[in-house]
Amino acid sequence: MTGPVTSPLTGLGVSLPLVAAPMAGGPTTPALVIAAGRAGALGFLAGGYLAPDVLAGRIAAVREAGLPFGVNLFAPNPVPADPAGFRRYASAIQGEASRYGVDLSGASPVEDDDHWRGKIDVLLASPVPVVTFTFGIPGRDVIEALRGVGTITGQTVTSAAEARQAADAGLDLLAVQSAAAGGHSGTLTPSRPAAAVPLPELVAGVRAVTGLPLLAAGGIATPAAVAAVLQAGASAAVAGTALLLADEAGTSAVYRAALAAAQERRPAGPPPGPATVVTRAFTGRPARGLANLFTARYSAVAPSGYPALHHLTRPIRAAAAAAGDPDRVNLWAGTGYQHAAAQPAAQILAALASGL
């Protein structure tokens, strides 16, 4: 399917074809969303892992700035953990847990839905301009309810086949995510990691099957990368990793230090080994981050199981972050991590748009 491409971002008053990605777990703050909006881009709050009341508070904080913005949610698409595999993994990582006084011997799988219904209720009671979904495609009742309060809806997809599914479900736009992206893959089939297709090629492939507006995500860290995806048919480029060191980001101290150290180790030229890896070790769902001791030891043995493994490793990660230990923390980062800069978000976004 082909046809004229229109962008809902234009109607929202967004002047730059750039989106500040929703980065759950801390990096995305209301301040970062506001800074992106003031720079002419569209900022997204990350609703993942937040309780409904916390999400409502962050929406209120951004709304006060009077700028367009979006919210991203993890839509339910559980990967139930096999109980025996879960117990074996808990035993395997007990040594890491014991460093911080954490006992995993009695742990059992937690299979929650990240407060899904409560967050939808928040977004219906306090509508925002755009809501996007990751991990799963919501039901038509949710899509229609959000449309009824004036919200544009979108879906993260990692292939043309997923794009067709999302279009058929009635969503308004697609966030096309390549395997180069940092953090969790938004694939609808986490047992089969997304193929390593260059983002412009992936965008062109999705553009061939749908006329929906496309946002392009994954490895967007240079002006050339932005220009390439717009040329391929995207309405906007999505920057995530490039903003991890932004002044307004909530990236933790240990996370910032690990990114800076990785940049110093690999300033130029082909790296001697993988700087980022796709791993299930921390959450039971494929996600790209900086390689560290935990990914090296456990990527090969970690079972599928989201959100069960996320909850299992969470106390280890929290304790390690508090101790300044980068080897036992999930350091989500895309392949463009070397371009992350410790600057105001507006300066980072202006640099990304400088080639347009």
*asked:* From the alpha carbon gyration tensor of the chain, can you work out the equivalent ellipsoid semi-axes (sqrt of 5 times each eigenvalue) and give them in Å, largest to smallest?
replied: 30, 23, 20
*Kindly state, to the nearest 0.05, the FRET efficiency for A84 paired with D113, given R0 = 30 Å and r defined as their beta-carbon distance.*
0.80
*asked:* Of G25, G37, F69, which is farthest towards the positive pole of the range 1-104's charge dipole, taken about the Cα centre with +1 and -1 on the beta-carbons of Lys, Arg and Asp, Glu respectively?
replied: G37
_the range 67-131 and the range 171-193: distance between their alpha carbon centers, rounded to Å_ = 17
*Which whole-number value in Å² is the accessible area per residue of the chain, probe 1.4 Å?*
39
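Carbon and sulfur atoms: what percent of the 1.4 Å accessible area of the chain do they account for?
57
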*Sites E144 and R164, calculated FRET efficiency, Cβ-Cβ separation with R0 25 Å, nearest 0.05*: 0.80
*Rg and Dmax of the range 1-138 over Cα atoms: what are they, in angstrom?*
19.0, 59
_For the range 138-210, convex hull of alpha carbons as volume per residue, Å³_ = 92
_Gain in span if fully extended, A253 to D327, counting 0.36 nm per residue against the direct Cα distance_ = 25.3 nm
*Using only protein heavy atoms and a 1.4 Å probe, report how much of D247 is accessible, in Å² to the nearest 10.*
100
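Run the dipole for the range 86-186 about the Cα centre, Lys and Arg Cβ at +1, Asp and Glu Cβ at -1, nothing else charged, and hand back the magnitude in debye, nearest 20.
180
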*Plugging the Kirkwood radius over Cα pairs into Stokes-Einstein for the range 100-222, at a temperature of 10 °C and a viscosity of 1.306 mPa s, what D comes out in µm²/s?*
100
*Normalising by the residue count of the chain, find the relative contact order in percent from Cα pairs under 8 Å and 6+ residues apart.*
21
*Please give the contour-minus-distance gain from A260 to A51: 0.36 nm per residue of separation, less the Cα-Cα distance, rounded to one decimal in nm.*
72.1 nm
_Mean separation of Cα contacts under 8 Å (6+ apart) over length of the range 26-177, as relative contact order %_ = 21
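The values are calculated or read from the model by the stated rules, or taken from the named source; none is laboratory data. Model, not experiment: these values are computed from the prediction. Using ideal geometry, Cβ is built from the backbone for each residue, glycine included, and neighbour counts are taken over all protein chains shown. To get the accessible areas, we keep the full protein, side chains included, count just its heavy atoms, and leave off ligands, DNA and RNA. Shrake-Rupley method; radii C 1.70, N 1.55, O 1.52, S 1.80 Å.
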